[in-house]
Amino acid sequence: MTAPVEERLRAALAARAALVGHRDLRRADPPRGRHWGTHRIRAVASVVLGAAAAVAAVCVLALLPGARTAPDPVGPARTPARTDAPVVPTPAPEPPAVPSVTPPRPVGAP
């Protein structure tokens, strides 16, 4: 910036700062309207705790040792009919054949 512009800017800011007094620097008024009070916080907390208790109750009831986790097995669609199978004769084993015995050959014989 140039020197005359900077001097004018500093003079304007100093004049504006001189207008601010100690009464202008007090705390602001608290906000009004809807805000989170203790009543609303308690209501939300009770709803959250109620939901957590319901989830815990469902988990405990589902995980008890006596709780049924799998359905009972289903029986067959109809009763199987009993049929007598025909008797198939089995062949009798044949007696073993008698092996033929050859006399041993002497060593070195053709």
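Thinking of the chain as a set of Cα atoms, what percent of all their pairs are more than 17 Å apart? Cα-Cα pairs in the chain separated by more than 17 Å: 86 percent. Model label points for Val5 and Ile41, set 7 angstrom from Cα along the Cα-to-Cβ axis, are 5.3 nm apart.
In this structure the chain gives 106 Å² per residue of accessible area when probed at 1.4 Å with all protein chains present. Of the solvent-accessible surface of the chain, computed with a 1.4 Å probe and all protein chains present, 65% belongs to carbon and sulfur.
The ratio of the alpha-carbon radius of gyration of the range 13-58 to the globular-protein estimate 2.2 N^0.38 Å is 2.48.
The values are calculated or read from the model by the stated rules, or taken from the named source; none is laboratory data. As the structure is a computational prediction, the values presented were derived from the model and not from experiment. Here the Cβ is made from the backbone with ideal geometry for all residues, glycine too, and neighbour counts use every protein chain on show. With ligands, DNA and RNA removed, areas are computed over all heavy atoms of the protein, side chains included. Shrake-Rupley method; radii C 1.70, N 1.55, O 1.52, S 1.80 Å.
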